[in-house]
Amino acid sequence: RRFSLNGEWQLHQFLGPDTGERPPADAEWSETHVPRELSNQTGHCAWLRRAFSVPSFLSGERYVLFFDHTLCEVRVVLNGIPVGFRKYGSEPFELDITDALKLEGTNTLEVAVRDWIAYSPKNQERLANGEKIIFKDHMTGPAGYTMRSYLGIRGPVWLETRPQIHVADVDVVTRVKEKRFELR
């Protein structure tokens with residue numbers, strides 16, 4: 001079972017080279033919608049937040065947040081507790097949030113995103129010093145040209161349940177000469 005967290009969120013976007021561990025205390029928030037691409041003309045970093053309650057139909061042993069697509073780096077905080085960090089958020093991922101989730105009452109989900117600058121320490125330094133940044137200069141990871149101008153939560157976000165014991169990943173290894181395959 002799953003519950004969509006798409007829809008109305010709040011946004012705080014800023015120029016800085018780093019999102020920080022939590023949104024700034026003096027953050028100014030505006031209304032936004034998720035999923036959505038944000039232009040990095042307003043800033044290379046953003047915090048998005050949303051309050052939600054767990055619906056009664058969603059019960060399970062473990063709870064995970066599923067992100068279909070974020071740009072580029074993502075940090076996730078639930079009810080003030082860091083629950084995950086992903087360097088390459090453009091790939092779908094999920095985070096087990098069971099220990100931070102309130103089954104009764106309101107939860108506050110905060111998601112930080114940082115554009116391609118996350119992969120360029122030299123450009124982070126330039127930005128901090130007020131210098132001009134140079135796309136793809138001194139990169140430590142890949143960034144496609146579609147990432148040049150955007151950041152944000154580009155795909156759906158879901159709250160899902162899982163049983164305590166489950167298969168998270170399977171690799172199939174073929175042995176052609178032996179006429180068999182293995183599941184790992």
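The values are calculated or read from the model by the stated rules, or taken from the named source; none is laboratory data. Please read all numbers here as calculations on a predicted model, not as lab measurements. Because the Cβ atoms are built from the backbone with ideal geometry, glycine has one as well, and the counts that use them run over all protein chains shown. Side chains included, ligands, DNA and RNA excluded: accessible areas come from the protein's heavy atoms. Shrake-Rupley method; radii C 1.70, N 1.55, O 1.52, S 1.80 Å.
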* Structure fact -> All conditions in (1) within 20 Å of Glu94 (Cβ to Cβ); (2) modelled with pLDDT of 95 or more; (3) exposed (fewer than 12 other Cβ atoms within 10 Å of the Cβ) are true of Ser30 except (1)
* Structure fact -> Quick count over the range 1-45, residues being more than 16 Å from the chain's Cα centre (by Cα), charged (D, E, K, R) and in a loop (DSSP other than H, G, I, E, B), is 3
* the range 147-158 residues that are outside any loop (DSSP other than H, G, I, E, B), paired with ones that are acidic (Asp, Glu) and surrounded by 19 or more Cβ atoms within 10 Å (Cβ to Cβ) (beta carbon under 9 Å, 6 or more apart) -> Met147/Asp115; Tyr150/Asp115; Leu151/Glu73; Leu151/Asp115; Gly152/Asp115
* **Given (1) open to solvent by less than 40 Å² (accessible area, probe 1.4 Å); (2) touching a Phe, Trp or Tyr at 6+ places or on another chain (Cβ under 6 Å), number of the condition Glu94 does not satisfy** => (1)
* Determine the pairs where a residue that is more than 16 Å from Glu37 (Cβ to Cβ) and in contact (Cβ under 8 Å) with a residue 24 or more places away in the chain, located within the range 111-126, has a partner that is open to solvent by less than 30 Å² (accessible area, probe 1.4 Å) and small (Gly, Ala, Ser) with Cβ atoms under 6 Å apart, the partner being 6 or more residues away or on another chain. => Tyr119/Gly141; Tyr119/Ala143
* Filter the range 61-77 down to residues that are in a loop (DSSP other than H, G, I, E, B) and under 19 Å from Phe93 (Cβ atoms) and give me whichever is modelled with the highest pLDDT. => Asp68
* Asked: Which members of the range 131-158 meet the condition of being open to solvent by 70 Å² or more (accessible area, probe 1.4 Å), more than 14 Å from Ser90 (Cβ to Cβ) and at pLDDT 80 or above?
  -> Glu131, Lys132, Ile134, His138, Thr140
